[in-house]
1. Quick one: how many residues across segment 21-38 are at pLDDT 80 or above and surrounded by fewer than 20 Cβ atoms within 10 Å (Cβ to Cβ)?
2. What's the number of the only condition in (1) more than 20 Å from VAL191 (Cβ to Cβ); (2) surrounded by 17 or more Cβ atoms within 10 Å (Cβ to Cβ); (3) touching a strand residue (DSSP E or B) at 6+ places or on another chain (Cβ under 9 Å) that GLU300 fails to meet?
3. Output the number of residues of segment 279-297 satisfying the condition of being touching a strand residue (DSSP E or B) at 6+ places or on another chain (Cβ under 8 Å) and either surrounded by fewer than 23 Cβ atoms within 10 Å (Cβ to Cβ) or assigned to a loop (DSSP other than H, G, I, E, B) (or both).
4. Please indicate, with yes or no, whether at least one residue in segment 226-242 is among the basic types (Lys, Arg) and in contact (Cβ under 8 Å) with a residue 40 or more places away in the chain.
5. I want to confirm something. Restricting to segment 244-262 and keeping residues that are closer than 22 Å to TYR80 by Cα and part of a loop (DSSP other than H, G, I, E, B), which single residue is modelled with the lowest pLDDT?
6. Residue by residue through segment 303-331, note down the ones that are of a type in the set (Gly, Ala, Ser) and in contact with a strand residue (DSSP E or B) (Cβ under 9 Å, 6 or more places away or on another chain).
7. So ASP57 clears everything in (1) closer than 22 Å to ASP160 by Cβ; (2) modelled with pLDDT of 70 or more except one condition, right? Which one?
8. Considering (1) over 20 Å from SER331 (Cβ atoms); (2) more than 20 Å from the chain's Cα centre (by Cα), say which one PHE178 fails and leave the rest.
Amino acid sequence: MAKTVKMSDIAERLNVSTVTVSKALSDQKGVSEEMRNKIKKLAMEMGYQKPIAKQEDRSRSFNVGVIVPEDYIEKYQTFYWEMYQEINMAAVKNNSFVMLEILSASDEKAGVPPKLLKENKISGLIVLGGLDSGYLKMMKEHYATPTVYLDFYDSHIKEDSVISNSFYGTYTLTNYLFDKGHTNIGFVGTVLATKSITDRYLGYTKSLIEHGKNVREDWVLDDRDSNRHNFHKFLFPEEMPTAFVCNCDTIASWIIRELEQRGYRVPEDVSVVGFDDFLYPGLCNVPLTTYAVNMTEMAERSIELLITKVTGGETSEGMHLVEGRFVERKSVRAI
């Protein structure tokens, strides 16, 4: 019996993602005409056949569940509410509807399953922002609902995850500071508190290493305890760096506020860069140089992946990186 040709076989031959192949074969946007034609031609040559049932499934409407921990809504309400709205818009484009559940910290700690899963109300699930590994493992072991993680990943669980390029983003920002003449650069974020903070710290350290600089522990400032969002005051070092790379714009705004309270001027005395390009109006009086996260593409990629899984299509069950862009404003002074 001849081997069944899968989308992953086509993707491997052309060195593209399975999602790209799926889009091309389904005539969705996001693929160039040249690549679409290459994929369709190769699919025909390899004898790929898309099951008719799955083609029909994609035209159906689905209920998409979104779970977000309550502490993310409390601490990052503007960013994650905006991301939720992007998910809603992406779902509507795909003839689907979204149901939101905010998971309480007590239910997460006690391992109480989400109501959306217990009551079997949804076809697929997006977990937004991050949950404890043990809780994620419980959901995967007890429920077969197709799932996508958005804005985080878990190295212990094999699942599709859509994330921004945290590593490259802070690498770019730190290189920018070096280009502006800074050589004494600190980092703000509790390393290992979340996967995104860790990745951003590693991007920062890569830039330091390439510029012949070692990481100074007293210049790496914690912004929270070991749990996700227990923020505390910053412990500034006796010898201050000339610039700080912050793990997000909210933390950057808090750093700027505390620096100003201590008599420092930003950027005249200390330069500051952030990450996300999303800040509540009025929270910061300095236009912030940052790395913008493409929330629209992240939400659209998540919905597309989820519908592919719901309809029985193939996905790589790995990390799907969405590139952002560098945004230069006025929070950095050239030395």
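1. Total satisfying the criteria: 8.
2. GLU300 satisfies all of (1) more than 20 Å from VAL191 (Cβ to Cβ); (2) surrounded by 17 or more Cβ atoms within 10 Å (Cβ to Cβ); (3) touching a strand residue (DSSP E or B) at 6+ places or on another chain (Cβ under 9 Å) except (3).
3. Qualifying residue count, segment 279-297: 6.
4. Yes, because at least one residue in segment 226-242 is among the basic types (Lys, Arg) and in contact (Cβ under 8 Å) with a residue 40 or more places away in the chain.
5. CYS248
6. Result: SER316, GLY318, GLY324, SER331.
7. Tallying (1) closer than 22 Å to ASP160 by Cβ; (2) modelled with pLDDT of 70 or more, ASP57 fails exactly one: (2).
8. Failing condition for PHE178: (1).
The values are calculated or read from the model by the stated rules, or taken from the named source; none is laboratory data. In this text, all values refer to a predicted model and were calculated from it rather than measured experimentally. Neighbour counts are summed over all protein chains in view; Cβ atoms, including those assigned to glycine, are modelled from backbone coordinates with ideal geometry.
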